[in-house]
Structures are given as structure tokens and as C-alpha cells.
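Data first, discussion second: the structure below is written as C-alpha cells.
The values are calculated or read from the model by the stated rules, or taken from the named source; none is laboratory data. Since this is a predicted model, take the numbers as computed values, not measurements. Cβ: placed from backbone, ideal geometry, glycine included. Neighbour counts: every protein chain shown.
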Amino acid sequence: MKFTPESFRNWEHKKVTLVGMSGVGKSYLSTLLRQSGSGWFHYSGDYRIGTRYLDEHILDMIKQQAMQVPFLRELLRKDWIYIRNNIKVDDLGPVLSFVGKLGNPELGGVELEDFIQRQALYREAEVATMRDVPEFIRKAQEIYGYPHFVNDVGGSLCELDEPGLVEELAEHTLILYIKVSHEEEEQKLIRRAVSAPKPLYYRPEFLTEHLALYLAEKGLEYAAEMDPDDFARWVFPRLFHSRVPRYEAIARLGYTVTSEEVARVRDEADFLRLIETAIGRAG
């Protein structure tokens, strides 16, 4: 969707999709809007993935582990206990545990074949979640009575390469790309992503290329020999920089603000003024 500052200001039912790297402030803005009391429906892509599209896979993984404990195996087989996810919008631990980190299983890693399968499932879930946006816009207004809608997209949107997906989001919402302000902020985001990781999707071509580079650099033969945390620290800066041009391509369908500008937003009024400023800059 394209606007002038005036047409956006007069837009009765505002619908915004927040796009950008993990850590740039998408969830910060979404939470702020949800708590503003002004009627914003917060659609969290990662929450939807965990509670709808990966829920059964996550539970199967947990049950498989539990069945290895004789005491729990007996309880589960007799249906004396049950297991369920307790995913929260601000705590995606079960999704992160399912996606996992590539590397030595003895160090908490996931073997390559299993990791690739989980990546494929995660991609399918991300695509389906974004395809659900138009229907959730309808539900938010007609069922729950929210006049406005904010789509809090996972950081992997630019990796999906799903035909027509971003265009569909742009048809139903205003795309707001949050760009990393400068190199210092970029390094801060990379450090944050490494210390507090979120679920990551790697394009197969990217993973194949960089896995080979890492193994050669470390003198290893197999992914199962890798320290999963070391590989995550090594690969994320490279993933980060590979995503920049992909996000900038998405940004052409909407408007751009900086992470520095987002950090100064304190309430809904600030957020709306920021979008108007971005629209004005785009001419």
C-alpha cells in the first residue's frame, strides 16, 4: 500500500507490517502498540508458527525425548500425563528448541539431515503464517473488535523466496522496513543475536555454501563435529550481511525508518508520526 502523509493519517483501520532484522525493534513497537489501549491487534508471526504450524512437531520432539526416560515413558503410554506447549509472544523457547543449532549432538547440536528437515518445516510454517495475515486482519476487526493491525514479522521473511508472498503483504498492509542505522548498531544487533538467539531460517544455498566454508576454515570433515554455538557465532554476521539487499528489495514496496528512529518511539503517537515522516521522505 502507498500513501501520502494525509491519507495515512486519515486511514481509519491502519494495518502495518514491520519488517527487518531480528533485534531492530519490531517486537518493541508491536508490544507498545498492543499495550497502548488504542485497539491494535498484535499478530506475532513467530507465535503463530509455534502455536499453529509447528505445534505438533514440537510436541513430537519433546515426547520422543520423554519416552527415553522409563518413568515418563510409562506415564505417557498410559495417558496418565500429557505434554503441551507453553509458547508466549515474548518467549519462543519451544520454537527455538525445535529449530535447533547445527552441530555435534553431544554438544546440544542437531545432525545435518535432521537440521535440514527442520529448516524445511520452519520455512513452510513461515510462509503459511504470512499467508494467514489477510484472514487475521478480518478476524481482528470482525471478531475481536480491533480497529488496527500490526504484523510482527520474523527476521527470516527475506529468506523465504516465496512467489507473491511479500506482494500480498504489501497489498493488505503498509510495509515498514526498519533499517539498521549504522555500523555500531549493526554490531550491537549481531552480538545480541549471538547471545540471545531467535529461531533462524537459512536458505539452502546459503547454508550449503557457508557450511563448506566453516568446515574448511576449522579443518573439520563433518557438520556433526562442529561446536553448534561456535558455528552460530561464526555464521550469523555473514547471514546478517546477506540479508541486507534482500530487505532493501522488500522496502521498495513500502517505507523505511531506522532502528535509531524506532528507539526514540515512546507511544502510539510517536509511531504514527514516524510513519508519516517516512512517507514524506519517500516523496
Given the conditions (1) modelled with pLDDT of 90 or more; (2) touching a Lys or Arg at 6+ places or on another chain (Cβ under 7 Å), report the number of the one that residue 5 does not fulfil. (2)
Scan of region 139-158 for residues that are surrounded by 21 or more Cβ atoms within 10 Å (Cβ to Cβ) and part of a helix (DSSP H, G or I), ordered by number: 140, 157, 158
Could you list all residues from region 94-108 that are of a type in the set (Gly, Ala, Ser) and at pLDDT 95 or above? 103
Look through 206, 236, 136, 240 and report the one residue that is more than 29 Å from residue 113 (Cα to Cα), part of a helix (DSSP H, G or I) and either modelled with pLDDT under 95 or of a type outside the set (S, T, N, Q) (or both). 136
Yes or no: region 82-94 includes at least one residue that is β-branched (Val, Ile, Thr) and part of a helix (DSSP H, G or I). no
Here are some conditions: (1) outside any loop (DSSP other than H, G, I, E, B); (2) touching a residue at least 60 places away in the same chain (Cβ under 8 Å). Residue 113 meets all but one. Which one does it not meet? (2)
Do the conditions hold for residue 61, that is, is it part of a loop (DSSP other than H, G, I, E, B), over 14 Å from the mean Cα position of the chain (by Cα) and not acidic (Asp, Glu)? no
When you check residue 54 against the structure, is it in contact with a strand residue (DSSP E or B) (Cβ under 9 Å, 6 or more places away or on another chain), in contact (Cβ under 8 Å) with a residue 12 or more places away in the chain and either among the acidic types (Asp, Glu) or surrounded by 22 or more Cβ atoms within 10 Å (Cβ to Cβ) (or both), yes or no? no
For region 233-275, enumerate the residues that are surrounded by fewer than 17 Cβ atoms within 10 Å (Cβ to Cβ) and under 16 Å from residue 174 (Cβ atoms). 252, 273
What residue, among those in region 231-283 that are of a type in the set (D, E, K, R) and touching a His at 6+ places or on another chain (Cβ under 8 Å), is nearest to residue 161 (Cα to Cα)? 238
Please work out which one of (1) in contact with a strand residue (DSSP E or B) (Cβ under 7 Å, 6 or more places away or on another chain); (2) of a type in the set (Ser, Thr, Tyr); (3) without any contact (Cβ under 8 Å) to a residue 24 or more places away in the chain is the condition residue 44 fails and give its number. (3)
Looking only at region 60-74, how many residues end up being surrounded by 14 or more Cβ atoms within 10 Å (Cβ to Cβ) and either of a type in the set (D, E, K, R) or over 30 Å from residue 45 (Cα atoms) (or both)? 2
Give the residues of region 262-271 that are closer than 18 Å to residue 20 by Cα and touching a residue at least 40 places away in the same chain (Cβ under 8 Å), sorted by residue number. 262, 263, 265, 271
Cβ-Cβ distance below 6 Å, separation of 6 or more or different chains: which pairs start in region 125-140 with a residue that is over 14 Å from residue 172 (Cβ atoms) and small (Gly, Ala, Ser) and end on one that is at pLDDT below 95 and crowded, with 22+ Cβ neighbours inside 10 Å? 125/49; 125/54
